[in-house]
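Report on one structure; see the data block that follows.
The values are calculated or read from the model by the stated rules, or taken from the named source; none is laboratory data. Bear in mind the structure is a predicted one, so any value in this text is a computation, not a measurement. Cβ: placed from backbone, ideal geometry, glycine included. Neighbour counts: every protein chain shown. Keep in mind that these areas ignore ligands, DNA and RNA; they rest on the heavy atoms of the full protein, side chains included. Shrake-Rupley method; radii C 1.70, N 1.55, O 1.52, S 1.80 Å.
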Amino acid sequence: MKKNDLFESMTNMEKQIGQLYEELGELKQSLAGILEENHTLKLENEHLKHRLMQQNGMGGDVSRQGTTDNDKKGGADIGEGYDNLARLYQEGFHICNLQFGSLRKDGDCMFCLSFLNKNK
Ligand SMILES: [Zn+2]
């Protein structure tokens, strides 16, 4: 390799490193954005979960399911709660006690569906 060629290829390399450095900066920027969004969504999700649980009286009490006299007590509140749960399920989240609030990855969930049918 001649001296001039060597110098030229080093200059090219320098340029490429500069470009890579710039790209790295951009990637870092978007990662920061994604992490921030993720954090916000997590908080929002927690908040919504909490609200739904309060609204539906699902504060971890599994035993209320399947008892018939609970359905009589709620009145209008149960109807509204049911709509919220049905909507949540449609949006792709579990509403069953097993996995409440987590994303449904495998399509329909038998537990969610039986829960919905029970509370219609
Ligand atoms: Zn489920």
Filter pass, ARG87 being modelled with pLDDT of 70 or more, open to solvent by 70 Å² or more (accessible area, probe 1.4 Å) and within 16 Å of the ligand (Cβ to nearest atom): yes
Close pairs (6 angstrom Cβ cut-off, 6 or more residues apart or separate chains): in a loop (DSSP other than H, G, I, E, B) and among the basic types (Lys, Arg) in the stretch 97-112, open to solvent by less than 100 Å² (accessible area, probe 1.4 Å) and near the ligand (Cβ under 7 Å from one of its atoms) anywhere: ARG104/HIS94
Hits in the stretch 106-120 - residues which are within 9 Å of the ligand (Cβ to nearest atom), of a type in the set (A, V, I, L, M) and surrounded by 10 or more Cβ atoms within 10 Å (Cβ to Cβ): LEU113
